[in-house]
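The values are calculated or read from the model by the stated rules, or taken from the named source; none is laboratory data. All figures in this text were calculated on a predicted structure; none of them were measured in a lab. No Cβ is skipped: glycine too gets one built from the backbone with ideal geometry, and neighbour counts run over all protein chains shown. The area values use the complete protein model at the heavy-atom level, side chains included, leaving out ligands, DNA and RNA. Shrake-Rupley method; radii C 1.70, N 1.55, O 1.52, S 1.80 Å.
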Amino acid sequence: NTTANKARRQFGWTEDQKSFILGDSEYMGNRKIVNHPSSATQQFFPAFMPKGSLEGWKEMIDFYNRDGLEMHQFVVCSSFGAPLMEFMPNISAAGLHLFNKESGLGKTTAMLAGCTIWGNPKALVLGAKDTKNFHMNRAEIYKNLPLWLDEVTNSEPKQLSDWAYELTGSDGLQRGRMGGSSNAERVRGQPWAFLSVSTGNTSVIERISLFKEMPKAEAQRILEYRVERYNFKNAIETDKFNEDITNNYGFAGPVFMQYVMQNRK
């Protein structure tokens, strides 16, 4: 007797960019409605529940507002820029890889800080133990949200090559696969369009060169940056920032997307 609720299988933009799906909410330019759970998305709903406050998040992210932290600023801004890739014709994704063999340079922290725009960084960032197929499945679900990958250079060189091609392929789709329990093709979602940030202790291109001699195509798909050390005044400052990252998230993304929809031109 009633119209069925539409349960979407992906986050990000809906048809013709009419609204933006984030967790259990669907945002329009000046309002939001309930986004009903689907089997693909319901497990992620808690990750997008805000924590802390928008003012607390602003104060926290202002930590990067200083000379010498331009790379960290770039990573945070790429998180805002990811949904805008939907408006780039014939480009599904672009990847930024941050690397250095030293630890404690803030590579992962910058990525976590960028993640706080949308939700809980500990729940949304993918780790070193996750497989390439797991990465691509998450890319499909995120759709227009940034994809964060930590310590990807622990993967095999051939796997990294396949990842670079599939992530930035022009179609923005996972490889076609058969369903696990039936003789039928797995249903794929709408193409993704986003920005991705990854970290590692070595260059992705250097790792791929162990598998193929001249990885030119991969080098055109993944932008790499060797992270340099920045000397903070004291450890108390950085410890507080790391704590604030886990206590303030999920506020800026909805505000930003509603601004985009109200000021699309």
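Brief remarks on what is shown
- Some residue of the range 240-256 being farther than 26 Å from His97 by Cβ, assigned to a helix (DSSP H, G or I) and touching a Leu at 6+ places or on another chain (Cβ under 9 Å): yes
- The set of residues from the range 19-30 being out of contact with any helix residue (DSSP H, G or I) (no Cβ under 9 Å at 6 or more places or on another chain) and farther than 13 Å from Trp118 by Cβ comprises just one member, Glu26.
- From Gly56, Gly29, Gly114, Gly95, residue being at pLDDT 95 or above, under 20 Å from Lys143 (Cα atoms) and among the small types (Gly, Ala, Ser): Gly114
- Filtered residues of the range 201-247 (kept if open to solvent by less than 20 Å² (accessible area, probe 1.4 Å), modelled with pLDDT of 90 or more and not hydrophobic (A, V, I, L, M, F, W, C)): Ser203
- Pairs meeting the criteria (first residue in the range 228-248 and acidic (Asp, Glu), second residue modelled with pLDDT of 90 or more, beta carbons under 6 Å, at least 6 apart or on different chains) are Asp244/Met60.
- Residue-level check: of (1) charged (D, E, K, R); (2) touching a strand residue (DSSP E or B) at 6+ places or on another chain (Cβ under 6 Å); (3) free of Cβ contacts under 8 Å to residues at least 24 places away in the same chain, Glu55 misses just (2).
- Meets criteria (under 13 Å from the mean Cα position of the chain (by Cα), buried (at least 17 other Cβ atoms within 10 Å of the Cβ), under 16 Å from Ala252 (Cβ atoms) and in contact (Cβ under 8 Å) with a residue 40 or more places away in the chain) for Phe63: no
- Qualifying residues in the range 66-88 (those that are surrounded by 14 or more Cβ atoms within 10 Å (Cβ to Cβ) and aromatic (Phe, Trp, Tyr)) - the one nearest to Leu145 (Cα to Cα): Phe80
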